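J.: Below are the structure tokens for one structure; questions will follow.
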Amino acid sequence: MTKVLDPTNEATPADIPRAARPETLDGLTVGLLDISKPRGDRFLDRIEERLVERGLRVERFRKPTFTKPAPVDLRHEIATKCDVVIEALAD
Amino acid sequence: MSLNESPTLPEGLVAVVKKDCPTCELIIPVLIGLEKETQLTVFTQDDPDFPPGINDRQFDEELAFSWHHNIETVPTLLAVEEGKEVSRTVGWSRSNWESLTKIPGLGRDLPDQRPGCGSLSVDPSISPDLELRFGGSSITARRVEFAALEDTHEALFDRGWTDGLPVVPPSEARVAAMLKGTTRSPEEVVASIPPDLAPCTVEKVAINAVMAGCRPEYLPVVLAGVEAVCTQTFNMHGLLATTMPHAPVLIVNGPIAEQIGMNSGNNVLGQGNRANSTIGRAVQLVIRNVGGGRPGEVDRAAFGSPGKVGFCFAERENDSPWPPISTMYGFPAGTNTVLAFPGEAPRNLVDQLSRDPDSLARTYAANLISIQHPKLVLGFDAILAVAPDHSRVFRESGWSREQLAERINELTVRPGHELVRGAGNIPEGIPEGMKDSDLPKFRESGLHIVHCGGAAGLFSAIIGGWVNGEMGSDPVCVEITP
């Protein structure tokens, strides 16, 4: 029998359940997160137009850089203000 | 008695011998004589019937006595008073044995002296296990057992713990030996490893260093490499997640490079040197195994590069025209350091005809402007690796590193209107707003000129950088501590 040492961090990932998917967007606030990739803003501008046409409330957010995880305060702000969020990956 | 307790020393004289030692054979008559005249206990390591003719003979089969009492040579003779060792002698030397036993005329028929043999307890194939059994283990990592019918190498692949190449199975004995390469405590946290931001101890680094194939004396360099890449400044998370091919390139400076046998010369960026090949690999395995950074998951590289297995080399300091590259980061020459640079694969640059520094600088500039895209400037740093056949030109003309970097930068300057988006019928380029500026390829201190490579070949090499600054990564240099 061979015995070796575990090279990983041995952490069991915390099981955070996804928020329930809404049946409809009616009456909800939609967050639009620009990750600062070039032209992501153009995509989100168009999405905003479409959502506003449907009478939805939209909040815009922007990550300082796409190369780093969103700052914890920004994540908290989005979670507090919005019911759903759309994130734009772009180039 | 627990395994970690030292076996009691018998009073009087204690001899430790093994049959497989000609000097031990030689001194049998001396031992028989001593047993008659004084109180003698003989510990034998390899054969319970050796030496013949001795009554008080103890078989040190488990080598517990030999290990706990630091027997390195057989025969060893100890004098014990009130349970404590008061003197010892190793091998056979009539005068030393006489002075230790206070008995004259020992072994008259024997030569005056004979060196002993290695104690079984320090046999390299046995001592790591003894260390583990008797020294007590402070290792806290989870033990993973493989079934007898499992192929260990296949089992390591199956668990996703390798980079696609075989790894050395991280047994407890190997990891304990690896940890002797540093004075740092196994439980000390070295860094939070992206992308999972998992706290990583010295012990976890040691496990991955074993797997990468490192020797214990490389561990301080691996630890410094892990520290350097896991800083906010270096931004390992972004470097891992990017679709670009870059990865940490580790450059080692200071006397440690030669002490651990690193390569800074022939084939410096290639294969064949254990330290170069395994140190970079160990850092990458830490990111994979402790940080959870795996290709196709958080690692989104479109191409990647062969250097993502591990990319580490030493600067050729001994005949460099310039001080070590670490001096750019404020470390005095002679300091052991690791510089982490976010780099892609190297490419060669030929100039076999230039014999003056300015024409070489022109060759460098002409090649360097193409990094990532000739129309993209200021956003990417570079390593320029200069080999001895080129560096000789700069030494003879007295060009400093700064002077060369400045000249290259001057030569790369181009008008913004040639670089903006759309210029030259190429949409890629810098923003329109920069069209009226004259711009160099590199930001200040973006060019890292390093001396390395084999003695023959009128070449230099370029290693392009990833997005620099706040948006991406800045190189980080840290001191290597024991």
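Bear in mind that the values in this text are calculations on the coordinates, not laboratory data. This is a predicted model, so every value here is computed, not measured. Neighbour counts are summed over all protein chains in view; Cβ atoms, including those assigned to glycine, are modelled from backbone coordinates with ideal geometry.
J.: Once amide H atoms are built 1.01 Å from N in the peptide plane, which residues 5 or more positions from B:Asp381, or in another chain, come under 5 Å H to H?
T.: The list, which skips near neighbours in sequence, is B:Gly465, B:Trp466, B:Asn468.
J.: Placing +1 on the Cβ of each Lys and Arg and -1 on the Cβ of each Asp and Glu in chain B, which of B:Ala173, B:His417, B:Val450 has its Cα farthest towards the positive end of the resulting dipole?
T.: Result: B:His417, furthest along the dipole toward the positive end.
J.: Enter the angle in degrees (range 0 to 90, nearest 10) between the Cα long axis of helix B:219-229 and the first principal axis of the Cα atoms of chain B, meaning the one along which they spread out most.
T.: 30
J.: Something else about it: Determine the dipole magnitude for chain A: charges of +1 sit on the beta-carbon of Lys and Arg, -1 on that of Asp and Glu, nothing else is charged, the reference point is the Cα centre, and the result goes in debye to the nearest 20. Please report the intermediate quantities before stating the final value.
T.: Working: 16 positive and 17 negative charges, 43 e Å.
The calculation lands at about 200 debye.
J.: Which whole-Hz couplings ³J(HN,Hα) result when phi for each residue of the stretch A:55-63 is put into the Karplus expression 6.51 cos²θ - 1.76 cosθ + 1.60, θ = phi - 60°, listed in order with x for Gly and Pro?
T.: So the J values, rounded to whole Hz, are x, 8, 8, 10, 10, 9, 9, 9, 6.
J.: Moving on to the next point. Taking the Cα centroid of the stretch B:192-212 and of the stretch B:24-77, what is the distance between the two, rounded to the nearest whole Å?
T.: About 45 Å separates the Cα centre of the stretch B:192-212 from the one of the stretch B:24-77.
J.: A further question on this structure: First select every other residue whose beta carbon is under 13 angstrom from the beta carbon of B:Ile325; then total the charges, Lys and Arg +1, Asp and Glu -1. Could you put the intermediate results ahead of the total?
T.: Details: positive: B:Arg316, B:Arg401; negative: B:Glu315, B:Glu317, B:Asp381, B:Glu402.
Net local charge, B:Ile325 excluded: -2.
J.: Using Cα positions and a limit of under 14 Å, work out the aspartates and glutamates in reach of B:Lys36, with same-chain residues fewer than 8 apart set aside.
T.: Of all the aspartates and glutamates, those that pass the test against B:Lys36 - Cα under 14 Å, at least 8 places apart if same chain - are B:Asp56.
J.: Give the peptides B:336-348, B:416-428 in descending order of average Cβ contacts within 10 Å, highest first. Display every interim value, and only then the final one.
T.: Numbers: B:336-348: 23.5, B:416-428: 14.4.
Highest mean packing first, the order is B:336-348, B:416-428.
J.: Remind me, relative contact order of the stretch B:12-135 in percent, using alpha carbon pairs under 8 angstrom and six or more residues apart?
T.: Working: 217 pairs, mean separation 34.0, N = 124.
Taking the mean separation of contacting Cα pairs over the length of the stretch B:12-135, I get 27 percent.
J.: For chain B, what is the mean residue ellipticity at 222 nm derived from helices alone (per DSSP H run of n ≥ 4: -39500 (n - 2.57); sum divided by total residues; nearest 500 deg cm²/dmol)?
T.: Values: 15 runs with 134 residues, N = 482.
Dividing the helical sum by the residues of chain B leaves -8000 deg cm²/dmol.
J.: Turning to a different aspect of this structure: On a C-alpha basis, how far is the centre of the stretch B:221-254 from the centre of the stretch B:378-395 in Å? Whole number, if you could?
T.: Cα centroid of the stretch B:221-254 versus Cα centroid of the stretch B:378-395: 21 Å apart.
J.: Can you find, among B:Pro51, B:Phe65, B:Pro124, the residue sitting farthest towards the positive end of the charge dipole of the stretch B:12-135, where Lys and Arg contribute +1 and Asp and Glu -1 at Cβ?
T.: Ranked along the dipole, the leading option is B:Pro51.
J.: Sticking with this structure for a sec: Roughly how many debye, to the nearest 20, is the charge dipole of the protein assembly as shown about its Cα centre, given +1 on each Lys and Arg Cβ, -1 on each Asp and Glu Cβ, and no other charges?
T.: Details: 55 positive and 78 negative charges, 335 e Å.
The calculation lands at about 1600 debye.
J.: Something else now. What ranking do B:360-366, B:135-141, B:20-26 get when scored by the average of other Cβ atoms within 10 Å per residue, highest first? Each step should come with its number before you reach the end.
T.: Details: B:360-366: 20.6, B:135-141: 14.0, B:20-26: 17.6.
Most protected by this proxy first, the peptides run B:360-366, B:20-26, B:135-141.
J.: Oh, and also: Suppose each label sits 7 Å from its Cα in the direction of the beta carbon; what would the B:Ala456-B:Ala147 distance come out to in nanometres?
T.: 5.6
J.: Between A:Glu77 and A:Arg62, how many nm apart are label points set 7 Å from Cα along the C-beta direction?
T.: Each label point is offset 7 Å from its Cα along the Cβ direction, giving 1.1 nm.
J.: Still on this structure, I have one more. Contour minus end-to-end for B:Asn348 and B:Glu402, with contour as 0.36 nm per residue of separation and end-to-end as the Cα-Cα distance? Present the calculation step by step, with values, prior to reporting the outcome.
T.: Working: separation 54, 0.36 × 54 = 19.44 nm, distance 2.20 nm.
Using 0.36 nm per residue and subtracting the Cα-Cα distance, I get 17.2 nm.
J.: Residues of A:62-69, mean number of Cβ from any other protein chain within 10 Å of their own Cβ, rounded to a whole number?
T.: Details: counts 0, 0, 2, 7, 6, 13, 9, 6.
Shielding by partners across A:62-69 averages 5.
J.: Mind ordering A:22-28, B:295-301, B:312-318 by average Cβ neighbours within 10 Å, highest first? Numbers along the way, then the final one.
T.: Values: A:22-28: 10.0, B:295-301: 14.1, B:312-318: 23.6.
With the highest mean Cβ count within 10 Å placed first, the list reads B:312-318, B:295-301, A:22-28.
J.: Between B:Arg355 and B:Ser95, what FRET efficiency comes out of the Förster formula 1/(1 + (r/R0)^6) with R0 = 45 Å and r the beta carbon distance, rounded to 0.05?
T.: On the way: r = 68 Å, r/R0 = 1.51.
Between B:Ser95 and B:Arg355 the formula returns 0.10.
J.: Still on this structure, I have one more. How would you rank B:Leu378, A:Leu33, B:Leu165, going from fewest to most other Cβ atoms within 10 Å of each one's own Cβ?
T.: On the way: B:Leu378 17, A:Leu33 21, B:Leu165 11.
Ranked by crowding around the Cβ, least crowded first: B:Leu165, B:Leu378, A:Leu33.
J.: Here is a further query. What number, in percent, do you get for the relative contact order of chain B if the mean sequence gap of Cα pairs under 8 Å and at least 6 apart is divided by its residue count? Mind showing how you got there, number by number?
T.: Numbers: 977 pairs, mean separation 64.6, N = 482.
It comes to 13 percent, rounded to a whole number.
J.: I'd like the mean, over residues of B:289-299, of how many other protein chain beta carbons sit within 10 Å of each residue's own Cβ. Write down the numbers at each step before the final one.
T.: Numbers: counts 4, 5, 2, 4, 0, 0, 0, 0, 0, 0, 0.
Partner Cβ neighbours, averaged per residue: 1.
J.: Calculate one ³J(HN,Hα) per residue across the stretch B:381-397 by plugging θ = phi - 60° into the Karplus curve 6.51 cos²θ - 1.76 cosθ + 1.60, and present them in order as whole Hz with x for glycine and proline.
T.: 8, 7, 9, 10, 8, 9, 8, x, 5, 8, 5, 4, 4, 6, 5, 5, 9
J.: Give me a single rounded figure for B:166-172: the average over its residues of other chain Cβ atoms within 10 Å of their Cβ. Let's see the in-between values first.
T.: Numbers: counts 0, 2, 1, 4, 5, 4, 3.
Partner-chain Cβ atoms within 10 Å, mean over residues of B:166-172: 3.
J.: Counting other beta carbons within 10 Å of each residue's own, what order do B:Ser87, B:Ser326, B:Ser354 fall into, fewest first? Don't jump to the answer; show the numbers that get you there.
T.: On the way: B:Ser87 13, B:Ser326 25, B:Ser354 16.
Ascending Cβ contact count within 10 Å gives the list B:Ser87, B:Ser354, B:Ser326.
J.: Give me the base-10 log of I(q)/I(0) for the protein assembly as shown at each q in 0.05, 0.13 Å⁻¹, Debye formula, one uniform scatterer per Cα, rounded to two decimals.
T.: Log10 I(q)/I(0), no solvent term: -0.35, -1.25.
J.: Sticking with this one: Could you pull out every one of the lysines with an alpha carbon less than 21 Å from that of B:Lys435, ignoring same-chain neighbours closer than 8 positions?
T.: Within the straight-line limit of under 21 Å, B:Lys435 reaches these lysines: B:Lys375.
J.: Now for a separate question. Compute the separation of the alpha-carbon centres of the stretch B:272-295 and the stretch B:99-173 and state it in Å as a whole number.
T.: So the two Cα centres are separated by 25 Å.
J.: Another question about this same structure. Quick check: net charge around A:Arg42, other residues with Cβ under 12 Å of its Cβ, Lys/Arg +1 and Asp/Glu -1?
T.: Numbers: positive: A:Lys37, A:Arg39, A:Arg46; negative: A:Asp34, A:Asp41, A:Asp45, A:Glu48, A:Glu49, A:Asp91.
Once positives and negatives cancel, what remains is -3.
J.: Would you list which aspartates and glutamates come within 12 Å of B:Lys308, measuring only between C-alpha atoms, while excluding same-chain residues fewer than 8 positions from it?
T.: Partners found: B:Asp163, B:Asp299, B:Glu344.
J.: Roughly how tilted is helix B:28-37, in degrees to the nearest 10 and between 0 and 90, from the longest Cα axis of chain B?
T.: 50
J.: Here is a follow-up. In debye to the nearest 20, how big a dipole does chain B give about its Cα centre with +1 on each Lys and Arg Cβ and -1 on each Asp and Glu Cβ? Provide the component values of the computation, followed by the final result.
T.: Details: 39 positive and 61 negative charges, 261 e Å.
So the dipole magnitude of chain B works out to roughly 1260 debye.
J.: Also, I was wondering about something else. Listing B:Ser473, B:Ser397 from the residue with the fewest other Cβ atoms within 10 Å to the one with the most, what is the order? Don't skip to the answer; put the middle values down first.
T.: Details: B:Ser473 28, B:Ser397 15.
In increasing order of surrounding Cβ atoms, one gets B:Ser397, B:Ser473.
J.: In nm, to one decimal, how far is the B:Arg421 label point from the B:Glu187 one, both placed 7 Å along Cα→Cβ?
T.: Distance between the two pseudo-spin positions: 5.6 nm.
J.: I would also like to ask the following. Residue separation times 0.36 nm, minus the C-alpha to C-alpha distance between B:Arg300 and B:Ile139: what's the value?
T.: 54.6 nm
J.: Once you measure Cβ to Cβ distances between cysteines in chain B, which Cys have no partner under 4.7 Å?
T.: B:Cys200, B:Cys214, B:Cys230, B:Cys312, B:Cys452, B:Cys477
J.: Between A:Ala20, A:Ala11, A:Ala79, which gets the highest mean-square fluctuation from a Gaussian network model of chain A, Cα cutoff 10 Å?
T.: Highest fluctuation among the options: A:Ala11.
J.: Further, regarding this structure: Could you tell me the calculated FRET efficiency between B:Glu25 and B:Asp49, based on Cβ-Cβ distance and R0 = 22 angstrom, to the nearest 0.05? Numbers along the way, then the final one.
T.: Values: r = 13 Å, r/R0 = 0.60.
It comes to 0.95.
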